[in-house]
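One structure is given here, and the rest of the page talks about it.
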Amino acid sequence: MSLVWALVMAALLAGIVLFGLVLRSRNMHLWLVDYMSGRRQRVSGRPVHVLFCFVDHYEPMWGGADQETESRRVDRWVKDYPALAARHADAEGRPPQHTFFYPEEEYRHEHLEKLAKLCEQGFGEVEIHLHHDNDTAQGLRAKLDGFLNTLDREHGLVPRHEDGRYAWSFIHGNWALDNSRKDGRWCGVDNELAVLSDMGCYADFTLPSAPSDTQTAWVNRIYYARGRDGQCKSHNRGEPVRRGGAPSGDLMLIQGPLMLNWKDRKFGLMPRIENSDIRRSMPPTPERVDLWVKAGISIEGRPDWLFIKIHTHGTQDGDMDTLLGEPAEQMFSYLESRYNDGKNYQLHYVNAREMYNIARAAEAGKSGNPSQWRDFIIDRPPRLKTTR
């Protein structure tokens, strides 16, 4: 009997060790505790307002493309996205909104002008993306200052804060916000949050980054984070945005859903990580849409306003048929049929700036239809003042 017991204990121990190794191989140990904490707020009122935001790490030069390939990629978006989006509408009759987070290091005037004209048609806005490595705070400031000035002077795409500073949101290249990679690559600026805030950045839309080691301990949240001198990944945790609260720290972090998809398991055991990424290998199925809603990302005290932010890399050639074709078509159709019945749900397509504004409105205690608060704090860019 003792031998049987010993074998059982050995098998159990081996299973625990194997499970731990699998968790670490996918960096799930970084965030699983918060995920399992069951913080989701209970919704009592109806309808639930679903705020849907699609952000894009938009990189025309991806893969070292030549200029002809870059132009072809941008031209496809300019041609195909309006046709796709025009077939869909939210509760206000507004088409899906696409936020193009454009890389500073990939700037070409002709590409941004094409995107600006697309945005003038009412299909989205442009924000800032950046890939950098072994950088300094001074170098980061110089890059951002030059790019912001160019986006403003050449394209009219940057709004301003009341104090005159440029107002913009950010996605960090290679997920490495605030120098958060363990190997120190693809950033280099420990107190990056403070630099971004000082330059006028009001919100970061990088996360989730799982299974990368840059993923924060906090998941499925909207919160404020404060940079700290000499410390990296200072946004690992922060101060939740809550109804009746006030801005805190340097930046608001608006995370997309990070879930475990138990219906899609590897080897019949481990669930797939649902990290809000859309591409050919991860099409936006109805099952995934339901998981995004189930994540329940909201402002504390305002659970009936759900924030869903998904992301993609829109110029990678193999994924454009998914993003501009039937899979995206079906995603929008499912959102509109399942989450826009007017009784249980109302759907609102928003861009990144509008999502931030609505989060601030919830914080300020505003209620009713969140769509009325799209321009609550940060107004539209000068060039887009007349878009709906």
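Cβ-Cβ distances below 9 Å connect the following pairs, each with a first residue in the range 151-164 that is in contact (Cβ under 8 Å) with a residue 12 or more places away in the chain, a second residue that is in a loop (DSSP other than H, G, I, E, B) and hydroxyl-bearing (Ser, Thr, Tyr), and a separation of six or more residues or different chains: LEU151/TYR107.
I'm trying to understand the selection: among the residues of the range 161-182, which are closer than 20 Å to LYS233 by Cβ and assigned to a strand (DSSP E or B)? Selection gives SER169, PHE170, ILE171, HIS172. All told, PHE332 falls short of being closer than 26 Å to GLN121 by Cα, in contact with a Cys (Cβ under 9 Å, 6 or more places away or on another chain) and at pLDDT 95 or above.
Of the residues that make up the range 340-349, is at least one under 17 Å from the mean Cα position of the chain (by Cα), on the phi < 0 side of the Ramachandran plot and in contact (Cβ under 8 Å) with a residue 60 or more places away in the chain? The answer is yes; a qualifying residue exists. Of GLY244, GLY249, GLY230, GLY318, all but one fail to be within 29 Å of ALA194 (Cβ to Cβ) and either acidic (Asp, Glu) or out of contact with any helix residue (DSSP H, G or I) (no Cβ under 9 Å at 6 or more places or on another chain) (or both); the exception is GLY230.
Here is the figure for the range 351-373: residues that are part of a loop (DSSP other than H, G, I, E, B) and basic (Lys, Arg) total 1. Within the range 338-386, restricting attention to residues that are touching a strand residue (DSSP E or B) at 6+ places or on another chain (Cβ under 9 Å) and of a type in the set (Ser, Thr, Tyr), the residue that is surrounded by the most Cβ atoms within 10 Å (Cβ to Cβ) is TYR349.
The values are calculated or read from the model by the stated rules, or taken from the named source; none is laboratory data. The structure displayed is predicted, hence computed values, not measured ones. Cβ: placed from backbone, ideal geometry, glycine included. Neighbour counts: every protein chain shown.
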